[in-house]
Amino acid sequence: MIIGAMNNPHKKLVEEIHLFGEMNFDYLELTIEHPHARPEFIEKNKKEILDAIQSYNLGIIAHLPWYFSLAHPYERIEKAIHTEFISAFRIASLFGAKKITLHTETMSPSIQSRESHVEGTVRSLKALHKEAMNMGLDLLIENLDAKSFSIKEFGRLFSEVDMGMTLDIGHANTTRGEGYENYLKNFSPRIRHVHFHDNLGQNDDHLPLGAGKMDVKKVVEALKAKYDGSITLEVHSEDRHYLEYSRQRLDILWNGKKKYREDQNYLYPPGQEPIARE
């Protein structure tokens, strides 16, 4: 298991990379989106960004803008969205990413029927999955909630498109999220990446681990039984120390306190180790 963090696109990307590097994350999940991480900005500042990434030996995973509809009812807009996604694919490939995640957003039923949304999503993903593969990328679809795409609809998608999934634990723990246990039960062979954050059980709060109502220890135990790969902590607290705490918490729960302390002794000079919390 390796632990990463996602940049806030409203903050300067290089500063985010330095922050995650100093916190000893294993990789950056680069969300390629407006305003400070658009493809043209990243490409323009490629050397500075790569230098920062390499200075901490960070790995790279990528993420597409979450707010674009895969199945927009206007064909020209859908084509424009595909163009933006493919531009982001190119950036992800340029920076050495192997995995890239997208959401499936839905529109009001007064604009688009459910069947049209599902059919359009499957159609779009067939084309985008092929484009991603041609660039050496593993395109992954992320769960949001049943309003966006249900477990049943994911089953239909995977019967037609041989692609993987990013399991978002926080999204699955909302009122309409259908439960992370059900995703693990139905799609564990498809799960190739995980997003982890806490909430109060209703909305997508993106809280630090332990700050909500989620049984974090139980989640880690369930994950370990089915998965051993990349986990990105999507903690949106303004105080970024909560992100570092969440990394420490996940590390201890997954590997045990003894292993955690051994790792800290390797990383830090004596007397400068961060405090390991229970």
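What follows draws every value from the coordinates through simple rules; no lab data is involved. Small disclaimer: the values here were computed from a predicted structure and weren't measured. Backbone-built Cβ (ideal geometry, glycine too); neighbour counts: all protein chains shown.
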- [ ] Sort out which residues of segment 27-56 are surrounded by 18 or more Cβ atoms within 10 Å (Cβ to Cβ) and among the acidic types (Asp, Glu), and write them in order of number.
- [x] GLU29, GLU33
Open item on the list: Looking only at segment 27-51, count every residue that is touching a Gly at 6+ places or on another chain (Cβ under 6 Å) and either polar (S, T, N, Q) or in a loop (DSSP other than H, G, I, E, B) (or both) and tell me the total.
Closed with: 0
TODO: For GLU142, indicate whether it is acidic (Asp, Glu), closer than 14 Å to ILE32 by Cβ and either touching a residue at least 24 places away in the same chain (Cβ under 8 Å) or surrounded by 15 or more Cβ atoms within 10 Å (Cβ to Cβ) (or both).
DONE: no
Task: Identity of the residue in segment 175-199, over 17 Å from the mean Cα position of the chain (by Cα) and not acidic (Asp, Glu), that ends up surrounded by the most Cβ atoms within 10 Å (Cβ to Cβ) - done: ASN186
Task: Count of segment 60-99 residues which are in contact with a strand residue (DSSP E or B) (Cβ under 6 Å, 6 or more places away or on another chain), of a type outside the set (Val, Ile, Thr) and surrounded by 17 or more Cβ atoms within 10 Å (Cβ to Cβ) - done: 7
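Would you mind stating whether VAL235 is crowded, with 20+ Cβ neighbours inside 10 Å, in a loop (DSSP other than H, G, I, E, B) and in contact (Cβ under 8 Å) with a residue 24 or more places away in the chain?
yes
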- [ ] Quick one: which residue in GLY120, GLY136 is surrounded by 14 or more Cβ atoms within 10 Å (Cβ to Cβ) and over 17 Å from THR31 (Cα atoms)?
- [x] GLY120
